[in-house]
Structure formats: C-alpha cells, structure tokens
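Contents: one structure, followed by commentary.
The values are calculated or read from the model by the stated rules, or taken from the named source; none is laboratory data. Predicted model, so just to flag it, every value in this text is computed and none were measured. Don't worry about glycine lacking a Cβ; one is built from the backbone with ideal geometry, like all the others, and counts go over all protein chains shown.
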Amino acid sequence: MASNDEKTVKITPGYIYEEPGDDLDEDTQRIIVSDADNVLAEMEAALDEIAEDHPRIKPKGDSASKSLEDLRALLQVSLAVNSSLVVEDILQVVMKKAIELLSAERGFIMLLDEKGTLQFKVAYNLSKESLMEEDFKISHSIVNQTASSGKSVYTSDAQSDERYAKQKSIMELHLRSIMCVPLKIKSKVIGVIYLDNSSQAKLFLKSDLYLFELYAQQAAYAIHNAGLYDHLLDLKQYNETVINNSPVGIAVIDSHYNMISINDAALAILEKNKEDIILFSPKEQATRFLELVPENSVSKWRQMVDTALSTNQPFEDSRFFHNTGYEEKVLTIKISPTSKLPYGGDGLILVIEDITEKVIMEKYVILSEKLVARGEMAASIGHELNNYLTIIANNSELLSLNLDRDQADKARLNCTQIIDSIQKMKRFTDGLMDFSKLETEVVSYDIKLLVEDLLFSIKAQSRFKNVMFSVDVAADIPSAQIDVGQIQQILVNLFNNAADATQEQMEREKENSDYKRKITVSAGYDREKERIMIAVADNGIGISDEGLEKLFLPYYTTKESGHGLGLVNCKKIAKNHKGDLIVSSKEGEGTVFTILLPKEQDKSVD
C-alpha cells in the first residue's frame, strides 16, 4: 500500500484502534465545535443543489413514492446479490450494486479471517472497475471501529468532522462523505462494506445510511450462505473422495431397490462398470440393486435387504458366499437403515467387504497347522510301530537260531513274543481308526456357515471342476453342538463319493450330451425331534441293494483304490454325536446320504 495507514489490522472485540491524529488538542476541538453550526448550515444549503442526485431528500410530500423507489431498488439488488452461491461472484455483485445504489465513487469489502483480521476482498469505483492495490487507501480507523463495535460509521463531510479531519487518508484523498456498515450474521460481524465520495455534490445523507444498512444486511446473509455452500461442497467432495478411495464397498439404495450411490470398491466386488449404473434422479429410471447381483443369488440378497427394510434394524452376514459366475467370493455384508436420502424417503446403506483372500489365508494356516500335527502324529505312530517291529525282527532271528539248535523252549518263547507284538500292533492301529477314542471339541456352530465354508474350500479341487453344486439351507435352521472338524470330515467324504459316482455315471452316458454332474446339499430342522438334517444328494451311478446292505461294513468298497473305512468312520462320527448317517439310493439314478444330528448334546461327545 502507498501509505502507512494502509495495512491489515487486527480486530479485538471491545477495543477500537485509533490512528495517529485522532487525539485532537483542546484548541482544535473548540474551533471545530464553534464551527459546527456553520458547517451544518452550509450542508443544508447544499441539499437543494444535489437533490437531483439524491431523490430521497426531495420535499416530504413526495417521500412515500421515493420510499417505494428505494424499496424497489433494494429488492432488485437483493435479488441480484442472492442470484449466486459462489462467494467470489457474490462479493463482486455486492460491491457493484452498492456503488450503483448509492452513487458512491469508491467501495471496498473487507472480511474477517479466522484470526479476526480484516482482509480486502473486492474494491470498485463509480465506473464499476476493479481498483488496483495502490488505490486501497481508506480510513482504517473507520473500518476498525465498525468491525469492532458492530455499528455503522457515517459522516457527510469528513473534512469538517472533528473525528476524522486530521486523519492522513482523509486529507490525502480529500474525502468528504463516508459510510461504513458492518456485515453481520445475527450479532456476529463477518466483515464491513465501505463507501466514500470526494465530491461535495455527491454527499451521503442519513437516509442513504439507512438504505445501506438494509442492503448490507441482505448482502451479509448472501455472503454467509455462499460460504456455507462452499463449505458443504468441499465437505461433499471430501466425503466422496474418502468413500471412493475406501477399500470397502459402499452402496446406498432406497426402499424400492433403486441405486442412490455406489463406490468403486463395491463395483469391483460386484464386477460391474460405473458406466452401466444409472443413479436415481427424478428425471430417469435408476438401476435397481438386484440387477447387479448374479441371478442365482438374487433371492438371498432380496431376503437380506427385505429383512433390514421390514425390521428397520441392521442386518449382518459375516460370511456370505457370492458366486459371480467366474469365481466365488467370500463377503461380509452389513446393511443399515438410513433416512433422509437426497431425493427424500428412507433406504439402506450396504457395506460390502471382500474377505476371500483372508479366508483362503486362514485355511492355509489351519491346513499348515494340521499338516504339522499330522507330521508329529506320524512320527509318533512310526516310533511306536518301530518298537513292535524291532521286537518281531529280533525274535524272528532268534527263532531261526533256536530251531537250528533244537532249543524248542526258546523257540516257543520267540513265537510267543512275535504273536504278542503283532496283537499289540493290531490294537494300536484299531485304536487309530476308532474315532470314538479321539478327543473331540464340541462347540455351538452355524450349520449354514459350516456347509458354505466347506463348499468354498473344495470347489477349487480338480475332481469337482465340472460339478454343479446346489445349496439349500433353511433360513430357520439353528446352530448345533458339534465337533466342526469331524462333521466336515463326514461331508468331505460324502462329497468325494458323490463326485466319483457322478464321474462314473458321465462315463457311462457319453452319448447323452444332456447329462450334467450335480451334487445337491440341503439342510433343515425337525422341530418335533429337535434334530438337524444335512443331506448330500447326487445323480451318479447309485448303489445296488446288495451294496446298500454292506455299505457300512469295515473294508467293504467298490473302488479299486478304496480301503473300505471311510463310511465306517463317518457312521462312527455321527453315532458319536448321538446322531446317525443313513442312505437311500437307486441304481442308475443317484444316492442320498443324510446326516442326522441333535441340536444339543446331552453331555460332551464321548
């Protein structure tokens, strides 16, 4: 700025900064007071001369029409000021209209920043041209007083006004009439509007100040609203950026399944393109959420969404198996009711997270732990069997020597040792295969999770590559007290047998191109008997009547590489859970194995 008083000034509530020259000596004050009447007389004489420039000071008989003109002018500028929500545009309009309305030569708008410091925002002259920084010469004492007190400052002739006549800016610019009014929101000052004139022919009147104050009140709210709009716009953009960059899928739908919003992560999980999604608006039909999910899982998604809508309570599925047709994903889904959607009404927020990799890693960890345990168990078994074999080997050598020496008693003892060791080995191996002797861990477990989790694990195996799986788990099925690992062992065995049966059937029906390998898993609950039923059905070769009679006998098998103990152990596991494993089959058409389990165990599994 060109002068010392052209600076940024810190405003402190309750304190008015004074410029050098504001403190007048007593002689000067007496002179000003004595000349006050003459000054007022001269001003009154000048009113008639400038009446044409200021119609509000015409005779009282015409005051009503002039008041109406003032109100009309105020309405027009108010409409112009409120025609935008961009702060910079508002400030420009406010300044131009203020100069136009009050025929001011210059005008400035200053706003308080976060630190309470007045900052120049816009400046114009009578020609409505922007002023350069070197033209920013104003009375800082006046703007500081207005900002601090929240009250307007008005002088019709600053050259003769004892409050301002000695100020440097007043003298250098030959300023005569000045008006500075606060921009206030309720009682809070957000800035000031400053107008001045250097011409005696363009003096501001008291009525100008009243009109200016009304205008400033309208302008303050317009500036404030524009600021709020900018803040909301920034907040909206920030939220959209955060949501779009979130690794978790987020989608919002209304009560009619219309898409309100969806982020990139949700599109990736559902394997959809943004260009294919039409978000809801009053002017066009929106994409419905159920159109984004695979056809084979629409009923499951609808059930979850309808549950949250009907109960108005959050719904959660910690492990949802989502088959896109190309791959199967494991998702966690959280659905929360929400209100006041952008176009009105209620809806739901869906938070979807792809935890497929996490589940796979968990399974690898569990598998590695099992392999380690099996390795330790194998070492223990090998050590135990090796002890027996050593005894047998030693006694066999001694038996041969004792026979050559005709030492029958010692040979007889050798035979006894050999037979005894063999019997111990048999008891040991029988114990290994007897699951009723194994330690079990019974927990209350979700049957739906048990089935779907296991299917997710085995579908990747080559033996199930061309098998169509169908799952039907009743919605009201309760959790059951089971040893999860052992029940999974039954299911794995049944799935493997079903895959082998369907593979053999497909080979038999090579000429039948319509044949598809199918395995159906269903689960339900018998409330009367309080037991859970898990059925594994296939459309394989089936089992003959003779085979059904021998099916659960040890070492019976129809497979070349089978050992005949798989179903025997499965039956033992079911019995061990106070349940059963039953079978029905028709040769050439397929087989159904059904696991029957009580909901609760009377006591710990033996």
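Contact map, the range 195-212: first residue over 22 Å from residue 140 (Cβ atoms), second residue among the acidic types (Asp, Glu), Cβ cut-off under 6 Å, separation 6 or more or different chains; pairs are 211/70.
Any chance the range 501-523 includes a residue that's out of contact with any strand residue (DSSP E or B) (no Cβ under 9 Å at 6 or more places or on another chain) and touching a residue at least 60 places away in the same chain (Cβ under 8 Å)? No, there is no match, as no residue in the range 501-523 is out of contact with any strand residue (DSSP E or B) (no Cβ under 9 Å at 6 or more places or on another chain) and touching a residue at least 60 places away in the same chain (Cβ under 8 Å). Being under 29 Å from the mean Cα position of the chain (by Cα) and surrounded by fewer than 18 Cβ atoms within 10 Å (Cβ to Cβ) is a property that residue 249 lacks.
Hey, does the range 192-212 have a residue that's more than 17 Å from residue 146 (Cβ to Cβ), of a type in the set (Lys, Arg) and assigned to a loop (DSSP other than H, G, I, E, B)? No, that holds for no residue.
Out of all the residues in the range 575-600, which are of a type in the set (D, E, K, R) and under 18 Å from residue 498 (Cβ atoms)?
Hits for the range 575-600 are 586, 587, 589.
Condition check ((1) of a type in the set (Asp, Glu); (2) more than 29 Å from residue 473 (Cα to Cα)) across all residues:
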site	(1), (2)
262	no, yes
267	no, no
300	no, no
306	yes, no
312	no, no
320	no, no
331	no, no
336	no, no
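Without any contact (Cβ under 8 Å) to a residue 24 or more places away in the chain and either more than 30 Å from residue 329 (Cβ to Cβ) or not in a helix (DSSP H, G or I) (or both): is that true of residue 233 in this structure? Taking the combined requirement at face value, the residue satisfies it. Scanning the range 279-335 for residues that are under 18 Å from the mean Cα position of the chain (by Cα), among the hydroxyl-bearing types (Ser, Thr, Tyr) and crowded, with 16+ Cβ neighbours inside 10 Å yields a single hit, 332.
Within the range 524-539, is even one residue free of Cβ contacts under 8 Å to residues at least 12 places away in the same chain, more than 20 Å from residue 447 (Cβ to Cβ) and in the same structural domain as residue 474 (by TED's automatic domain parsing)?
No: zero hits.
Would you say residue 271 is touching a Ser or Thr at 6+ places or on another chain (Cβ under 7 Å) and either without any contact (Cβ under 8 Å) to a residue 60 or more places away in the chain or more than 16 Å from residue 351 (Cβ to Cβ) (or both)? In short, yes.
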